[in-house]
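The structure appears below as structure tokens.
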Amino acid sequence: MTIMGVCLDKPGARVPLTGNEAVARGALEAGVAFVASYPGSPTAEVPGTLARIAQQFDLYVEWSSNEKVAMEGAAAASFAGLRSLAVMKVDGLNVAMDFASALSISGCRGGMVIMVGDDPGSHSSIREEDSRNICKVLHFPVLEPSTVQMAKDLTLAAFNLSESLGVPVVLRCVSRICHGNGAVLLGEIPRQERKASFPQTERMIAFSIQRHALQEEKLAAAARWAEDCSFNRYEEPQDAEKLVISSGPSAFYAREGLQILGLEGSIGVLELASVWPLPHKLLLKHLKHASEVVFAEDVEPFLEDNVMALAALHWHDVGPIKFYGKRSGHVAGPDGPGIGELNPEIMAASLARIFHVSYQRPKIEGGENLPSRELALCPGCPHRASMWAIKTALELDGREGILLGDIGCFCLGIGRTGYYLLQTLHCMGGGIGLASGMGQLSRFGLTQPVVTVLGDSTFFHAALPGLINAHYHHADMLCVLLDNGTTAMTGHQPHPGCELTALGEPADTVPLEGMLNGMGIPYSLGDPYNVEETINIICRLLQEEGTRVLILRRTCALLAVKGKTKNRVYVDPQKCIGDECGCSRFCSRVFSCPANIWDEENGRAKIDETLCNGCGVCADLCPKKAIIVERTV
Amino acid sequence: MFQEPINIVITGVGGQGNVLAAQVIAVSAVEAGYLVSSGETSGLAQRGGPVMTHVRVFCRQNYGPLVPHGRATVVIGFEPLETMRVLFDYGNRGTVVISNDRPSYPLGCLQCEDSYPEVSLIKDGIKNMVQQSFFIPASELAAQAGTSLAANMVMTGCLAGTGLLPFGKEFFRSTIDKLFPNKLKELNLKAFELGFDQVFQQVV
């Protein structure tokens, strides 16, 4: 929200920050030196913010080619005694997991924090994975803030904890924290000389049973720290018989639910910031008095399972307790327990059911039949043109070609805006591995051509091993590389194919064509805005054998128009003959660009000039050539 | 003293600057000495999908980022259909509604599988649903200020004009001045003032 707030050297001042900015500020207050990340919502603004102020605070910030590389880079800085921060969404933690599981054994030197963004409700992700379960497997301690202020404070605490334990600490932030706003009380930013050094006597090695024992000792030390962690908070009453155990913003949803039901003060709320390992003594102290316990947490029943296991181990001390949560089915939104994001409404309704009180919310009746609004590729998006060309080429080819998807804006090709073309969608680089396998199936009678799409940023992130495998084994597949020159979906971060780094410094750019040449993979080049030519190229390539690549290159439409006067596109009402045309309203009904609308009054096509980004592709495709493009250059 | 928290729900379509409007409101509130908590539902950060942001303003106790259903103090809609949609979930009879009157059509409506309700019907419906509502030609006012993209600041001005918030428009002005790059300051301030006047005149 305010980069000035992040930089403000005024301890004690209260400034408005987003959650991501608060984490950035916390890292500054911890004296972070090295920051590495691959962009992912909801965390992309943490490295983005730190990159903008890197010079002022003498930081190194990079957009790494993927999250595993980012974590390795940050670990290297930690091994050399610096404080380092690796930032990723939970999907990225999956990518980094192999290294992470070894890193938790080898440990680290300088304080190292791994910020992981979880996205309950999948607002900007393809799944709502819960990183706490992964971190438990990895043996990483996990802290979770419930407010923007706490996001700042816990970041600092996580660095200190990591350095004292000698193991990285995970800061789990859900989207509501990352993208939330709050007033943050600032602390001090240290200004010390930092010197990197990795003495030869220091060995960071993840090998041997003894290291495993040490790893468990570190976790036990983290559990002792958690017992006295001042961020774990309990609210009245004393010795509550009824208790809510919660973490993150869910704690607020529970408190507000209780308040709405008039139950505040009679039911205790234990909010845990140290979500792994759990503070056993603190929990047992409360469980001893409790006869009914409710869990409020996003997404999986993580606290629930682990607290119930603790209670089972200490059954003779804690006595009989009724547990209510996702396992029992009591805490559930409209899609069922453990599915979707919690909110105050769900908590109020769940608590009312559990404690047998009536709940009626203020309501305006109706609203069931409103038309839904699907996601759409932006007006002018080159991916729409690419998808149209692929769709047309596959139809002309006539062999029911298979299109395998990948992660990026074009993953919207699973829906209307991309003509429902994608048949698979899994993870970064997943499409190319699938194509590599599918490309071997002609020996088993597969007669359909195999095509996969992926983006330029994904190409560097996760596609290379799959592509190399495909080429090496002569898989029959066409890889269409949609090169829009940026990591568009997360806010236009640079990648190794770009000319500048995160710090705005000139990069040693890695050219796509050079890489393909080096690997000996044949490739063609096209411009998606030139739809007809693109269709012809794809049709030709579909006839060829082996692994081949088509690069469709066109800058992201949002970047292309930034700060420029857009081309004006409009419909010539003389040339458009409306429904008499027989085109079935191609532009507005078929091409699916939100800027192509229909003028009901005049029965003609129309361009919403506010939305239109002036690509002119619809003008080329209009059978009556009724759409006019006035080019500004 | 105001009844806390003030629950503001902002809704619209991706690309309309909904999140930025929420930030201007949140920053202004903090600068005016209040506490805020906000949450954003941004879809896939793409244009075309619905985007909703909650901003809660308070001073005595802390609140979470999400407004409970049925408890919006004010709904600010950048798009009439989305205003309607959010009102059913978050509104009550006393909710104040400020809505842009310019539709942005979902793909399903453009493809004639769904039909977009007449804007006049949406207006009448909302007038029957709540006690106070304002329909604003925000995109046109923004175009007057220099670009229709500034409709978000017109709508922010409208909120300031209702007098629902416990702080004055000077805090909004200084926030806009602080957040926007130099060449866009004047334009956005003008858009804000145009929105402010629209509602302020009707309220006074």
Filter pass, A:Asp397 being within 23 Å of the chain's Cα centre (by Cα) and away from every other protein chain (no Cβ under 14 Å): no
Restricting to the stretch A:252-274, name every residue that is over 34 Å from the mean Cα position of the chain (by Cα) and among the aliphatic types (A, V, I, L, M). A:Leu261, A:Leu263, A:Ile267
Could you look through the stretch A:118-131, keep only residues that are buried (at least 24 other Cβ atoms within 10 Å of the Cβ) and more than 13 Å from every other protein chain (Cβ to nearest Cβ), and pick out the one that is nearest to A:Asn343 (Cα to Cα)? A:Asp118
Residues that are among the small types (Gly, Ala, Ser), assigned to a helix (DSSP H, G or I) and not assigned by TED's automatic domain parsing to the domain that holds A:Asp153: does the stretch A:304-311 have at least one? yes
Looking at (1) touching a Phe, Trp or Tyr at 6+ places or on another chain (Cβ under 9 Å); (2) outside any strand (DSSP E or B), can you tell me which one B:Val57 breaks? (2)
Output the residue which, of all residues in the stretch A:158-188 that are within 14 Å of chain B (Cβ to nearest Cβ) and assigned to a loop (DSSP other than H, G, I, E, B), is farthest from the chain's Cα centre (by Cα). A:Leu186
Return the pair list, or none, for Cβ contacts closer than 6 Å from residues in the stretch A:397-424 that are on the phi < 0 side of the Ramachandran plot and at pLDDT below 95 to residues that are in a strand (DSSP E or B) and not charged (D, E, K, R), at least 6 apart or on different chains. A:Phe410/A:Val453; A:Phe410/A:Leu482
Write out, first by first residue and then by second, each pair whose Cβ atoms fall under 6 Å of each other, whose residues are 6+ apart or on separate chains, and whose first residue, in the stretch A:240-252, is within 13 Å of another protein chain (Cβ to nearest Cβ) and at negative phi while the second is among the acidic types (Asp, Glu) and in a strand (DSSP E or B). A:Ser246/A:Glu271; A:Ala251/A:Glu271
Selection within the stretch A:351-396 - within 21 Å of A:His123 (Cα to Cα) and free of Cβ contacts under 8 Å to residues at least 24 places away in the same chain: A:Leu370, A:Pro371, A:Ser372, A:Arg373
Hey, A:Lys575 at positive phi and either part of a strand (DSSP E or B) or away from chain B (no Cβ under 14 Å) (or both) or not: no
Just the residues that are under 13 Å from the mean Cα position of the chain (by Cα) and away from chain A (no Cβ under 11 Å), please, taken from the stretch B:138-153. B:Ala138, B:Ala150, B:Asn152, B:Met153
Between a residue in the stretch B:23-43 that is closer than 14 Å to B:Leu159 by Cβ and facing another protein chain (nearest Cβ under 7 Å) and any residue that is hydroxyl-bearing (Ser, Thr, Tyr) and part of a loop (DSSP other than H, G, I, E, B), which pairs come within a Cβ distance under 7 Å, given they are 6 or more apart or on different chains? B:Val27/A:Thr2
So is A:Asp397 of a type in the set (D, E, K, R), farther than 22 Å from A:Cys618 by Cβ and surrounded by 24 or more Cβ atoms within 10 Å (Cβ to Cβ) or not? no
If I filter the stretch B:151-184 down to residues being of a type in the set (Lys, Arg) and modelled with pLDDT under 95, which single residue comes out as surrounded by the fewest Cβ atoms within 10 Å (Cβ to Cβ)? B:Lys183
Can you tell me which residue is surrounded by the fewest Cβ atoms within 10 Å (Cβ to Cβ) among those in the stretch A:328-340 that are at pLDDT 95 or above and in contact with a helix residue (DSSP H, G or I) (Cβ under 6 Å, 6 or more places away or on another chain)? A:His330
If we scan the stretch A:115-131, do we find a residue that is farther than 20 Å from A:Glu271 by Cα, assigned to a helix (DSSP H, G or I) and of a type in the set (Asp, Glu)? no
Scan the helices (runs of 4 or more DSSP H) fully inside the stretch B:112-204 and keep the ones with 3 or more residues being among the aliphatic types (A, V, I, L, M). B:119-129, B:138-145, B:151-162, B:182-203
Please work out which one of (1) at the interface with chain A (Cβ under 9 Å from one of its Cβ atoms); (2) more than 23 Å from A:Pro379 (Cα to Cα); (3) of a type in the set (A, V, I, L, M, F, W, C) is the condition B:Cys109 fails and give its number. (2)
Can you find, within the stretch B:1-22, the residue that is nearest to B:Asn62 (Cα to Cα) among those that are modelled with pLDDT of 90 or more and surrounded by fewer than 24 Cβ atoms within 10 Å (Cβ to Cβ)? B:Glu4
Among helices (runs of 4 or more DSSP H) completely within the stretch A:1-78, the ones holding 1 or more residues that are among the hydrophobic types (A, V, I, L, M, F, W, C) and crowded, with 22+ Cβ neighbours inside 10 Å are A:3-7, A:19-29, A:45-52
Of the residues in the stretch A:79-93, those that are under 13 Å from A:Ile114 (Cα atoms) and assigned to a helix (DSSP H, G or I) number 3
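The values are calculated or read from the model by the stated rules, or taken from the named source; none is laboratory data. Computed from a predicted structure; not experimentally measured. Reconstructed Cβ throughout: ideal geometry from the backbone, glycine too, with neighbour counts over all protein chains shown.
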